[in-house]
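What follows is a short report on a single structure.
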Amino acid sequence: MSSKYRFIPDINTGYLTDEDTKKYISRLAFSMFTLEIVSFAFSMLVASLVGAIINMFAPSLMESADFVAIANNTISIVAIYCVGMPLLCLVSSPLPRVKPYKEKLGFGKWIGGLCVCIFAMSFGSSASNVVIMLIESLSGSVMTNPVEEMVGQSSIWIDVVFVAIIVPVLEELLFRKILCDRLLPLGEGYAVFLSATIFGLSHGNFFQFFYAFAVGVVFGLIYVKTGRVIYTMLYHALLNFSGGVVVTLVTQGIDFDGLNNLLYDIESGTATTEQMMPYMQQLTPLLIYETVLGIMSLVGIVLLVLAVRKNEIRFEAGILPPPKKRRIMNILCTVGTATLITAYTFFFVLSMLPQN
């Protein structure tokens with residue numbers, strides 16, 4: 001535990017006071033707010049400067065999708081993890097830190113954990129789709145998926161390097177290692193669910209929020225129970241590789257315009273077997289991919305239900321347990337939480353605006 005231990009449970013109740021709980025949550029939320037705002041401002045400034053310099057001396061580079069993807073990803077990573085994350089650690093330095101005990105996962109349990117992660121990914125993606133459909137029906141406009149805008153526009157190796165390797169490693173260091181270690185003094189439940197909520201909100205759009213929150217809960221649970229961030233890094237990398245790289249590979253050979261015409265012909269009863277065969281061949285890799293994910297997701301559901309029935313999922317109390325009453329109020333009713341929610345609201349609204 002950090003030497004900067006400044007919070008002491010009430011001697012009569014054994015819990016932190018409401019005031020100390022709010023101070024703790026507010027400090028952590030404000031440190032995350034600092035990361036978000038500073039990294040956003042830094043990335044906007046650097047992107048503008050780099051864009052101006054390139055347009056002046058080598059404008060042809062801006063026509064390269066690979067160069068634009070590398071530049072944007074690099075600027076974002078530097079802004080968040082080289083500028084914002086050190087500031088988060090500085091602002092949150094008064095908070096105590098607890099490292100979870102290290103436990104190894106056997107191969108069977110590791111595969112089981114992967115299946116649960118895939119179920120969380122599928123469940124969260126479905127929830128996101130429902131919310132997006134609701135928003136689009138109420139607003140009368142079509143929302144742009146930033147993931148689709150980012151992935152598939154450049155060479156596949158760029159997606160592998162950034163989406164499937166660099167980003168999972170850095171995000172797990174931030175959201176599991178740094179945030180969970182600072183939330184564990186409050187208890188494992190706080191560490192798992194608050195870090196997952198922040199992880200989801202930090203994506204800044206409804207397309208990714210529910211998916212990121214769901215897998216964030218699983219990642220957080222795995223981290224606090226095993227103390228090994230390498231496990232969540234590997235899970236995160238596999239999920240990103242699956243959703244960001246494999247999907248691109250299995251769909252790039254599909255003629256979607258022709259497929260839509262075929263579906264129309266099928267509905268009208270004019271489609272022939274000769275027409276359908278080429279599209280069945282095109283869809284085979286995607287069908288295999290979806291089948292594998294479906295089976296693993298089903299296994300994940302079964303394992304999750306069994307774990308709940310056997311009471312294997314338990315959240316241990318921390319060394320600084322907050323009072324059991326007013327838990328939600330003590331989290332939400334702080335200055336730090338208000339500033340962080342304001343920042344995330346801005347990002348979510350920004351993501352819903354029409355893109356040029």
Margin query: So P100 ticks every box in (1) out of contact with any helix residue (DSSP H, G or I) (no Cβ under 7 Å at 6 or more places or on another chain); (2) outside any helix (DSSP H, G or I); (3) open to solvent by less than 40 Å² (accessible area, probe 1.4 Å) but one. Which box is left unticked?
Written below: (1)
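Just to be sure, is F107 out of contact with any His (no Cβ under 7 Å at 6 or more places or on another chain), touching a residue at least 60 places away in the same chain (Cβ under 8 Å) and aromatic (F, W, Y)?
Details: out of contact with any His (no Cβ under 7 Å at 6 or more places or on another chain): yes; touching a residue at least 60 places away in the same chain (Cβ under 8 Å): no; aromatic (F, W, Y): yes.
So F107 fails the test.
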Checklist line | Among the residues listed as I341, I301, the single one being in contact with a Phe, Trp or Tyr (Cβ under 8 Å, 6 or more places away or on another chain) and open to solvent by 30 Å² or more (accessible area, probe 1.4 Å) | finding: I301
Next item on the list: Go through (1) assigned to a helix (DSSP H, G or I); (2) among the aliphatic types (A, V, I, L, M); (3) open to solvent by less than 30 Å² (accessible area, probe 1.4 Å); (4) farther than 17 Å from C117 by Cα one by one and return the number of the condition I254 breaks.
Entry: (1)
Checklist line | Filter pass, D20 being among the charged types (D, E, K, R), closer than 30 Å to I328 by Cα and not in a loop (DSSP other than H, G, I, E, B) | finding: yes
Notebook entry, point to check: Is one or more of the residues making up region 112-133 open to solvent by 40 Å² or more (accessible area, probe 1.4 Å), more than 30 Å from G51 (Cβ to Cβ) and not in a helix (DSSP H, G or I)?
Noted result: no
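Okay, residues lined up against (1) farther than 29 Å from M121 by Cβ; (2) surrounded by 13 or more Cβ atoms within 10 Å (Cβ to Cβ); (3) modelled with pLDDT of 75 or more; (4) more than 23 Å from the chain's Cα centre (by Cα):
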site: V245; (1), (2), (3), (4): no, yes, yes, no
site: L249; (1), (2), (3), (4): no, yes, yes, no
site: E267; (1), (2), (3), (4): yes, no, no, yes
site: T272; (1), (2), (3), (4): yes, no, no, yes
site: M277; (1), (2), (3), (4): yes, no, no, yes
site: L287; (1), (2), (3), (4): no, no, yes, yes
Checklist line | Those residues of region 155-173 which are among the small types (G, A, S) and surrounded by fewer than 20 Cβ atoms within 10 Å (Cβ to Cβ), in sequence order | finding: S155
Next item on the list: Six or more apart or on different chains, Cβ under 6 Å: which pairs go from a residue in region 66-82 that's of a type in the set (G, A, S) to one that's open to solvent by 50 Å² or more (accessible area, probe 1.4 Å) and at pLDDT 90 or above? Could you list them?
Entry: A79/F42
Next item on the list: Output yes when any residue across region 192-209 is at pLDDT 95 or above, open to solvent by 20 Å² or more (accessible area, probe 1.4 Å), under 30 Å from Y15 (Cα atoms) and over 11 Å from the mean Cα position of the chain (by Cα), and no when none is.
Entry: yes
Check: Does any residue in region 25-51 that is free of Cβ contacts under 8 Å to residues at least 40 places away in the same chain come within less than 7 Å, Cβ to Cβ, of a residue that is among the small types (G, A, S) and open to solvent by 20 Å² or more (accessible area, probe 1.4 Å) six or more places away or on a different chain, and which pairs are these?
Finding: S43/S76; V50/A71
Margin query: I'd like to know if region 18-27 contains one or more residues that are touching a Gly at 6+ places or on another chain (Cβ under 7 Å), over 26 Å from V161 (Cβ atoms) and polar (S, T, N, Q).
Written below: yes
Check: How many of the residues making up region 29-54 are out of contact with any Ser or Thr (no Cβ under 6 Å at 6 or more places or on another chain) and open to solvent by less than 60 Å² (accessible area, probe 1.4 Å)?
Finding: 13
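The values are calculated or read from the model by the stated rules, or taken from the named source; none is laboratory data. Quantities reported herein were computed from a predicted structural model and do not represent experimental measurements. Quick reminder, even Gly has a Cβ in these numbers, built from the backbone with ideal geometry, and neighbours come from all protein chains shown. The area values use the complete protein model at the heavy-atom level, side chains included, leaving out ligands, DNA and RNA. Shrake-Rupley method; radii C 1.70, N 1.55, O 1.52, S 1.80 Å.
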